[in-house]
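Written below as structure tokens is the structure these notes are about.
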């Protein structure tokens with residue numbers, strides 16, 4: 001009997017080893033313990049509101065999912081990286097050592113790029129990073145799924161709106177990192193399609209509000225509009241300083257700026273500032289996904305409705321749909337296959353689709369404008 005027990009244990013160990021080598025971690029297909037998701041995000045520093053709001057929205061959805069019962073619960077484990085790539089890489093190594101089920105909702109381009117090779121090597125699904133950079137989309141990686149539209153989609157719409165308004169002298173302020181370069185590349189590409197080019201460019205360092213040199217450079221070029229590829233703290237500092245220097249043109253921002261945080265930082269000075277958005281307005285309940293979001297908000301009573309929290313909620317909603325399709329005891333590979341089956345009808349009425357060769361998800365983009373009384377119009 002003891003010999004048989006030893007043999008069975010040996011067979012089990014060999015089977016587990018074979019499963020791991022094949023890339024199918026069978027340990028995650030058993031038991032009722034939580035499915036742990038690792039998230040590295042900025043919860044502190046000049047980008048802290050962006051990460052906090054995204055995380056809060058995601059947790060709203062996961063709490064709803066867990067309350068339904070009948071499935072393995074989801075635990076979202078979030079570590080602060082301060083929007084710094086080195087800290088994000090360290091957080092990712094910890095998640096890998098802890099054998100999390102998947103990586104979810106990383107915030108930012110430079111941080112996500114630091115984590116991606118680690119996730120790929122560990123064969124961890126990397127779901128819904130808060131970035132629209134092409135460097136996270138190409139070349140295709142079967143483990144990476146995007147929910148939001150790309151920065152190329154956003155800059156294309158911004159450029160169309162500017163040229164439709166007959167504004168052709170356009171300057172670009174961009175963060176001096178992978179995020180800023182992605183936005184600059186998108187603007188340069190979109191302007192070139194209109195036989196245009198930026199009239200001036202300037203940079204601001206990540207997690208910095210030192211914009212004095214950038215203001216001098218861009219205001220001197222006398223652009224009709226400025227497109228800003230940075231986060232809310234730098235954007236608010238730049239807008240204030242540029243206006244103080246006499247600039248009277250329009251400011252456009254990509255969605256990653258953090259719309260609510262930018263509106264809060266500018267107060268009355270937010271009037272007329274434009275932001276492109278990759279999710280529907282969180283203040284209107286004409287769509288199923290926003291109705292679901294508001295139901296969750298009512299039950300929670302603490303989370304604020306804003307674009308970042310809705311995007312976090314939507315990302316979690318798509319992830320849980322993938323889990324539902326993956327079966328009662330999902331594996332990582334089953335999750336990837338299930339997500340690839342989500343059709344163009346999307347989730348919660350939000351159009352989104354994946355396939356065996358495309359994980360781009362959505363191309364939804366619309367424009368919004370901030371007002372001086374804290375509202376956001378679309």
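May I ask you to list the residues in the range 63-84 that are over 20 Å from residue 98 (Cα atoms) and more than 14 Å from the chain's Cα centre (by Cα)?
Start the filter on the range 63-84 by keeping residues that are over 20 Å from residue 98 (Cα atoms), which leaves 63-71, 82-84.
Selection gives 63, 64, 65, 66, 67, 68, 69, 70, 71, 82, 84.
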- [ ] Taking residue 235 as the residue in question, decide whether it is in the same structural domain as residue 169 (by TED's automatic domain parsing), free of Cβ contacts under 8 Å to residues at least 12 places away in the same chain and outside any loop (DSSP other than H, G, I, E, B).
- [x] no
Open item on the list: If I ask for residues that are out of contact with any helix residue (DSSP H, G or I) (no Cβ under 6 Å at 6 or more places or on another chain) and in a loop (DSSP other than H, G, I, E, B), which ones from the range 170-211 would you list?
Closed with: 176, 193, 195, 196, 198, 199, 205, 206, 207, 208, 210
- [ ] Kindly indicate whether any position in the range 330-343 is over 27 Å from residue 38 (Cβ atoms) and modelled with pLDDT under 95.
- [x] yes
Task: Residues of the range 125-146 satisfying the condition of being in a loop (DSSP other than H, G, I, E, B), buried (at least 22 other Cβ atoms within 10 Å of the Cβ) and free of Cβ contacts under 8 Å to residues at least 60 places away in the same chain - done: 129, 133
- [ ] For the range 307-319, indicate whether the set of residues that are surrounded by 16 or more Cβ atoms within 10 Å (Cβ to Cβ), more than 17 Å from residue 282 (Cβ to Cβ) and in the same structural domain as residue 126 (by TED's automatic domain parsing) is non-empty.
- [x] yes
TODO: May I ask you to list pairs of residues, at least six apart or on different chains, whose Cβ atoms are under 9 Å apart, with the first in the range 206-227 being farther than 16 Å from residue 184 by Cβ and the second being loosely packed, with under 13 Cβ neighbours inside 10 Å and at pLDDT 95 or above?
DONE: 215/244; 219/246; 224/165; 224/166
Open item on the list: Anything in the range 326-363 that is part of a loop (DSSP other than H, G, I, E, B) and either farther than 19 Å from residue 123 by Cα or not assigned by TED's automatic domain parsing to the domain that holds residue 96 (or both)? List them, or say none.
Closed with: 327, 328, 341, 342, 343, 344, 346, 348, 349, 351, 362, 363
TODO: May I ask you to verify whether residue 261 is under 27 Å from the mean Cα position of the chain (by Cα) and not in a strand (DSSP E or B)?
DONE: yes
TODO: Read through the list (1) surrounded by 21 or more Cβ atoms within 10 Å (Cβ to Cβ); (2) touching a strand residue (DSSP E or B) at 6+ places or on another chain (Cβ under 8 Å), then give the number of the only condition that residue 167 fails.
DONE: (1)
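Of these, 269, 321, 311, which one is outside any strand (DSSP E or B), modelled with pLDDT of 95 or more and more than 20 Å from the chain's Cα centre (by Cα)?
Unique residue meeting the criteria: 269.
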Task: Members of the range 92-109 found to be outside any loop (DSSP other than H, G, I, E, B) and surrounded by fewer than 23 Cβ atoms within 10 Å (Cβ to Cβ), listed by number - done: 93, 94, 96, 97
Open item on the list: Looking for something over 20 Å from the mean Cα position of the chain (by Cα) and crowded, with 16+ Cβ neighbours inside 10 Å - is there at least one such residue anywhere in the range 346-360?
Closed with: no
Task: Search result, residues across the range 43-89 that are assigned to a helix (DSSP H, G or I) and either surrounded by fewer than 17 Cβ atoms within 10 Å (Cβ to Cβ) or not assigned by TED's automatic domain parsing to the domain that holds residue 299 (or both) - done: 63, 66, 67, 68, 86
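The values are calculated or read from the model by the stated rules, or taken from the named source; none is laboratory data. Model, not experiment: these values are computed from the prediction. Cβ: placed from backbone, ideal geometry, glycine included. Neighbour counts: every protein chain shown.
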